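A short write-up of the structure that comes next.
The values are calculated or read from the model by the stated rules, or taken from the named source; none is laboratory data. All of these numbers come straight from a predicted model, not from anything done at the bench. Positions of Cβ are generated from backbone atoms using ideal geometry, with glycine treated the same way; all protein chains shown enter the neighbour counts.
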Amino acid sequence: MEAAVTLAMVLRKFDLSLDIKPEDVGIYTGATIHTRNGLMMKAKKRVPTKAVPARPTEADDVNMNVAKVVEETSMSTPTSTSTSERISA
């Protein structure tokens, strides 16, 4: 499992392409499928790009409106007083 995660993390940094014609990739089978002479690949380092900020969605608008209503409601709702404060008043 760790090897698969490590390989995935390394391969994220490269673009891979087949270095031979697809019809030249020979296979043989046994308990698993193997290539006859390996699988020759070209690896090209990816150029990092800047992340593009996500556009606001309709769901974001709804969430903002709900948050505003909750905030307004909590500000306008009187706070409850404790029993001892009511008795002394």
Residue check, Arg55 without any contact (Cβ under 8 Å) to a residue 60 or more places away in the chain and touching a Gly at 6+ places or on another chain (Cβ under 6 Å): no
Positions within segment 1-25 being in a loop (DSSP other than H, G, I, E, B) and surrounded by 10 or more Cβ atoms within 10 Å (Cβ to Cβ), in sequence order: Lys13, Asp19, Ile20, Val25
Considering residues of segment 37-52 that are without any contact (Cβ under 8 Å) to a residue 24 or more places away in the chain and touching a strand residue (DSSP E or B) at 6+ places or on another chain (Cβ under 8 Å) only, the residue nearest to Asp19 (Cα to Cα): Met40
Odd one out for Val62, checked against (1) loosely packed, with under 10 Cβ neighbours inside 10 Å; (2) modelled with pLDDT under 70; (3) not in a loop (DSSP other than H, G, I, E, B): (1)
